[in-house]
Amino acid sequence: MKFHLTDAFNFLSKLTPLRVLNAAQVTGSYVVSRLTGRAWHWGVPLSISFEPTTSCNLRCPECPSGLRSFTRPTGMLEDSLFKATIDQLHRQLLYLIFYFQGEPYLHKNFLELVQYASRKGIYTATSTNAHYLNDETARQTVESGLDRLIISIDGTTQETYAAYRVGGKLEKVLEGTRNVVKWKKKLKSKTPHLMFQFLVVRPNEHQLEDVQKLAKELGVDEVVFKTAQIYDYENGSSLIPTIDYYSRYRNNGNGTYSIKNKLLNHCWKMWHSCVITWDGLVVPCCFDKDAEYRQGDLKKETFRSLWRGARYRNFRQALIKSRSEIEMCRNCTEGTRVWA
């Protein structure tokens with residue numbers, strides 16, 4: 001997580017004594033767990049991701065939403081489930097991401113949910129393909145109090161953009177971006193911090209400088225280059241970039257590939273954050289696309305009882321003991337993101 005100066009001050013403004021105390025508790029329990037080899041946890045998450053929907057208008061080739069390959073059902077987050085969870089956590093919760101799978105703006109009450117969290121002083125962020133940022137929605141986005149808006153733009157020409165964002169139109173992305181920039185100026189708002197996220201794959205790797213130039217021309221605050229997760233990477237893929245710096249995978253020179261990251265027996269994410277699906281399932285992180293490692297169901301229990309419960313404790317303990325035995329972790333490339 002990187003912040004520019006204005007964005008950083010905004011983020012720091014969300015800190016309260018309770019949130020600082022919670023951060024200290026979570027950090028302390030993570031350190032103690034690593035040192036002792038036993039899974040301890042104090043506090044509640046610093047950050048959560050809430051999934052507004054699994055529905056999406058695009059067909060991206062390495063995305064379960066795009067491929068329509070989920071084993072879990074597609075649906076929309078219920079407002080009551082969201083609000084009940086936020087009411088439980090808002091005093092300690094610092095960062096809220098409205099994204100897991102799907103396109104958030106397809107949820108009809110999405111910006112109302114953003115506003116609900118923003119009014120409780122939580123730093124809010126979302127990621128979008130920007131196809132629904134018409135003039136009115138862009139205005140409502142700025143007015144909602146959203147702190148960070150990540151726009152996926154994986155090419156600076158229609159041809160390269162559509163090579164990954166299958167079914168998408170680059171002009172819609174640019175139009176949506178212009179609308180948000182316009183309303184930030186009209187409303188004299190410093191938020192949302194507007195980011196272009198560029199997923200570096202082989203078809204677009206020649207446009208890295210172009211997207212930075214385009215962002216500057218449009219008034220985008222920041223560009224981030226993200227490396228792509230490939231599910232079947234072992235024998236290579238036409239999406240793996242030739243620029244090694246932007247690849248999560250090492251070319252072994254014999255036609256096979258391996259993950260660059262070392263699989264260490266600890267993971268900060270398991271202590272400071274989690275993901276909540278549209279239907280209330282709590283999963284450890286964003287690599288669990290199909291909610292195979294669900295730790296509980298918020299429709300049946302409170303978040304705090306689940307977060308401190310035996311199932312979550314046993315999962316953290318299993319990770320500390322041998323992370324390689326957890327299937328979800330074997331293709332984990334957490335941290336392999338490049339900032340411009």
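Data table
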| read-out | value |
| --- | --- |
| Accessible surface ranking that places the most exposed of ASP147, ASP232 first, with a 1.4 angstrom probe | ASP232, ASP147 |
| Stretchable slack from HIS206 to ASN109, in nm (0.36 nm times residue separation minus alpha-carbon distance) | 31.1 nm |
| The chain - accessible surface per residue (Å², probe 1.4 Å) | 45 Å² |
| Accessible area of region 86-201 belonging to carbon and sulfur atoms, whole % at 1.4 Å probe | 49 percent |
| Size of charge dipole - the chain - debye, nearest 20, with Cβ of Lys, Arg +1 and Asp, Glu -1, no other charges | 1100 debye |
| Computed label-point distance, nm, for sites GLN88 and SER55 using a 7 Å Cα→Cβ extension | 2.6 nm |
| Rounded percent of accessible protein surface that carbon and sulfur make up, region 206-340, 1.4 Å probe | 47 percent |
| Estimated FRET transfer efficiency (GLN317, THR16; beta-carbon r; R0 30 Å; 0.05) | 0.45 |
| Gyration tensor over alpha-carbon atoms, region 1-61, equivalent ellipsoid semi-axes in Å | 29, 21, 12 |
| Region 82-115 and region 140-178: distance between their alpha carbon centers, rounded to Å | 21 Å |
| Antiparallel bridges, percent of DSSP beta bridges restricted to the chain (to nearest 5) | 30 percent |
| Residue-level accessible surface for MET76, protein heavy atoms, 1.4 Å, Å² | 80 Å² |
| Gained length - ARG250 relative to ARG330, 0.36 nm times residue gap less alpha-carbon distance | 27.3 nm |
| Principal axis dimensions, largest first and in whole angstrom, of region 202-267 by Cα | 42, 30, 17 |
| Dimensions in Å of the chain - Rg and Dmax from alpha carbons | 19.7, 56 |
| Contact order normalised by residue count of the chain, Cα under 8 Å, 6+ apart, percent | 18 percent |
| Modelled label reach - SER305, point 7 Å along Cα→Cβ, region 243-283 residues with backbone N closer than 18 Å | 280-283 |
| Reduced Cα scattering model of region 241-340, Debye log10 I(q)/I(0), q = 0.10, 0.20 Å⁻¹ | -0.35, -1.03 |
| Alpha carbon Rg of region 89-223, scaled by the compact-globule rule 2.2 N^0.38 Å | 1.04 |
| Two-decimal Rg to Rh for region 52-142 - Kirkwood Rh, Cα set | 0.98 |
| Over region 83-169, relative contact order from alpha-carbon pairs under 8 Å, at least 6 apart, % | 27 percent |
| FRET efficiency, 1/(1 + (r/R0)^6) with R0 35 Å, evaluated for ASN134 and ASP297 via beta carbons | 0.45 |
| Pairs beyond 19 Å (Cα-Cα), from LYS14/LYS216; LYS188/LYS226; LYS226/LYS260; LYS83/LYS300; LYS269/LYS321; LYS269/LYS289 | LYS14/LYS216; LYS188/LYS226 |
| Extension gain, VAL224 back to THR74 (0.36 nm per residue minus Cα-Cα distance, nm) | 51.1 nm |
| Segments 179-186, 247-254, 299-306, 107-114 sorted - mean Cβ within 10 Å per residue, highest first | 107-114, 179-186, 247-254, 299-306 |
| Sequence ranges 7-18, 278-289, ranked by mean other-Cβ count within 10 angstrom, highest first | 278-289, 7-18 |
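The values are calculated or read from the model by the stated rules, or taken from the named source; none is laboratory data. Please read all numbers here as calculations on a predicted model, not as lab measurements. Quick reminder, even Gly has a Cβ in these numbers, built from the backbone with ideal geometry, and neighbours come from all protein chains shown. For the accessible areas, the whole protein counts, side chains as well, though only heavy atoms, and no ligand, DNA or RNA atoms are used. Shrake-Rupley method; radii C 1.70, N 1.55, O 1.52, S 1.80 Å.
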